[in-house]
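What follows is one structure encoded as structure tokens, with my remarks underneath.
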């Protein structure tokens, strides 16, 4: 429910500007945008993500002023930022940990969309743009991880770029173009620095498209029921600007704890050692937010098949609007889908844990391997394979085939206002609450 603009310029300057560049009208319309009145705090992560993007761009620009993208100067320039630049340590820790907070928020945002059916028609394009933002985020994170030019940065670049070499016919050419030669070296660093600087602005452009696409069909909501009347909505300001501001404040507290008390919690000690192409680190692993995909890659013995599985895991999210065929949008009214959704989250967590350990590492005594007949079976490898199997089964079997055939859904309310007004808190003082609606 976007409707025509109700903005009326009041001053001569506003009228002059409105006829030439209606930026004030655009801002007012954004704040007055009719928003479903039943949005919960899971919907505040959109605003949190905008804050994270702005933080990454600002701190990244400052860091770029002091960074030297060369094989000889990269590692030393990072040390210079940490030791000699005024508050350089703070800016770098905000930028490095900001990536982790960015991905934490985007995963919650994506799982919320999956749970409440936000990808369903008419919001397919909105979801696809969001998936494109996610892919660009992963690219930016990988490029940025290489820039400190420590041991883990260097060897992570070798591992990830070698994946493209498994693609038939064009793979070697792509790898050579990406690396800037025949092996990871100074030209690779220059290219990654350029791409890392560019990608956030691509993300910002996609975010603009994402917001534009959002304002055409409007927000989804926890019930999954479409807005039917003006009584189902409230203006975005002040109701949701205040709510989003409070959520961002809580998020900032968690962010501050990470930056000031645990700044190295998400980094690897190997990255404090300058890159050495003739000394391989004992463990090579990506940052935590990419480890589920790394676990999928390692779970497949054949390299090409692993690359196909990796690409398929991305494609699954892009195809979600057409895979989830249930007529009921929100999993709040789909008990079986809700159960499988939480199992899906557990599978993703298991993949993340497995992606952080080498297959042969003895982390917990007796857990590394188990005996199956006469064979030693590696626990981490098989957990990764089971997690990968459920990941794909959830998208390609359960959502499009099994659940539509056998799922029994709960009654869905007729409008957004029904479950809101049936809540005891909505009843006037001294008056009995409205009868509770199922679901």
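The values are calculated or read from the model by the stated rules, or taken from the named source; none is laboratory data. What you see is a predicted model, and the numbers here were worked out from it, not measured in a lab. Note: ideal-geometry Cβ built from the backbone for every residue, glycine included; neighbour counts use all protein chains shown.
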>> Quick check on residue 44: is it within 30 Å of residue 264 (Cα to Cα), without any contact (Cβ under 8 Å) to a residue 40 or more places away in the chain, surrounded by 13 or more Cβ atoms within 10 Å (Cβ to Cβ) and in the same structural domain as residue 137 (by TED's automatic domain parsing)?
In response: no
> Out of 121, 132, which single residue is closer than 28 Å to residue 337 by Cβ, out of contact with any strand residue (DSSP E or B) (no Cβ under 8 Å at 6 or more places or on another chain), surrounded by fewer than 19 Cβ atoms within 10 Å (Cβ to Cβ) and at pLDDT below 95?
Replying inline: 121
> So how many residues does segment 159-177 have that are surrounded by fewer than 16 Cβ atoms within 10 Å (Cβ to Cβ) and within 17 Å of residue 285 (Cβ to Cβ)?
Replying inline: 2
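So that you can scan it fast, the table gives a plain yes or no per residue for (1) over 18 Å from residue 270 (Cβ atoms); (2) touching a residue at least 24 places away in the same chain (Cβ under 8 Å):
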| residue | (1), (2) |
| --- | --- |
| 131 | yes, yes |
| 134 | yes, yes |
| 145 | no, yes |
| 148 | no, yes |
| 155 | no, yes |
| 182 | yes, no |
>> Considering only residues that are touching a residue at least 12 places away in the same chain (Cβ under 8 Å) and within 28 Å of the chain's Cα centre (by Cα), which ones fall in segment 56-73?
In response: 56, 57, 59, 60, 62, 63, 64, 67, 69
> Assuming residue 89 fulfils every condition listed in (1) at pLDDT 95 or above; (2) surrounded by 16 or more Cβ atoms within 10 Å (Cβ to Cβ) apart from one, which condition is it?
Replying inline: (2)
> What about residue 236, is it over 23 Å from residue 74 (Cβ atoms), in contact with a strand residue (DSSP E or B) (Cβ under 7 Å, 6 or more places away or on another chain) and surrounded by 14 or more Cβ atoms within 10 Å (Cβ to Cβ)?
Replying inline: yes
> Is it the case that residue 287 is closer than 30 Å to residue 93 by Cα, crowded, with 18+ Cβ neighbours inside 10 Å and in contact with a helix residue (DSSP H, G or I) (Cβ under 9 Å, 6 or more places away or on another chain)?
Replying inline: yes
> How many residues are modelled with pLDDT of 90 or more and either part of a helix (DSSP H, G or I) or surrounded by fewer than 12 Cβ atoms within 10 Å (Cβ to Cβ) (or both) if we restrict to segment 18-41?
Replying inline: 2
> Within segment 74-86, which residues are surrounded by 15 or more Cβ atoms within 10 Å (Cβ to Cβ) and either under 19 Å from residue 271 (Cα atoms) or under 22 Å from the mean Cα position of the chain (by Cα) (or both)?
Replying inline: 74, 75, 77, 78, 80, 81
